[in-house]
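Have a look at the structure below before the remarks.
The values are calculated or read from the model by the stated rules, or taken from the named source; none is laboratory data. Please read all numbers here as calculations on a predicted model, not as lab measurements. FYI the Cβ positions are ideal-geometry reconstructions off the backbone, even for glycines, and counts take in every protein chain you see. Side chains are part of the model used for accessible areas, which takes the heavy atoms of the whole protein and leaves out ligands, DNA and RNA. Shrake-Rupley method; radii C 1.70, N 1.55, O 1.52, S 1.80 Å.
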Amino acid sequence: PQTEPPATRRGSSAEDGVGLTRASFVAEDTSGVIGFCVFSRAGELAELESVAVSERARRQGVGRALCRHGMEWSRSLGATAIELEVRASSEGALALYRLLGFVDQGRRRGYYHDPTEDAVLMAAALPS
C-alpha cells in the first residue's frame, strides 16, 4: 500500500456565465493517471459530481485526497455545503464519503439504471 497520497493537480476549471463553476482534479503516479474527480459550485452550494480511482490504486487514499482537494476548492470559492448522490450498493464510496463528513440526507428510488438502483443523497458542511 501507498504511504502518502499521489500527486494531485487541478485539471481544469471553468465558469458558465450564470454562476456555475466546475473544476476537475487528477491524481497521478509514475505510471500515469490513477484517479480523477469533478466538483461544481453555484453560490454557497457545491456538488461532487464524479470521482473514479483505478482498480489498482483503490484503498490507498487516492479518492480521499482527490475529494479533499475538491472540497477545499469549493470552500475557497465560498461554498458552505456540498452534496452528492451515490449508488446504494457502493459500499466503498459510502464509507469514504462518511469518513469525509458526509451524512445521509435521503434516497432517490430507482435513480440509476443498468441495473436499476437507488441513489443515496448525502451532504456535508464546509466550515470556513
Check: Mind checking whether some residue in the stretch 101-109 is surrounded by fewer than 17 Cβ atoms within 10 Å (Cβ to Cβ) and of a type in the set (A, V, I, L, M)?
Finding: yes
Note to self: Suppose we filter ARG58, ARG87 for residues that are more than 11 Å from the chain's Cα centre (by Cα), within 22 Å of ARG107 (Cβ to Cβ) and of a type outside the set (Gly, Ala, Ser); which single one remains?
What the structure shows: ARG87
Notebook entry, point to check: Which one of the conditions (1) of a type outside the set (Ser, Thr, Tyr); (2) open to solvent by 70 Å² or more (accessible area, probe 1.4 Å); (3) over 20 Å from CYS37 (Cβ atoms) does ARG75 fail to meet, given that it meets all the rest?
Noted result: (3)
Notebook entry, point to check: Of the residues LEU48, LEU84, LEU121, LEU96, which single one is surrounded by 15 or more Cβ atoms within 10 Å (Cβ to Cβ) and either at positive phi or assigned to a helix (DSSP H, G or I) (or both)?
Noted result: LEU96
Item checked: Restricting the stretch 51-79 to residues that are part of a loop (DSSP other than H, G, I, E, B) and either without any contact (Cβ under 8 Å) to a residue 40 or more places away in the chain or out of contact with any strand residue (DSSP E or B) (no Cβ under 7 Å at 6 or more places or on another chain) (or both), the residue that is farthest from SER128 (Cα to Cα) -> SER54
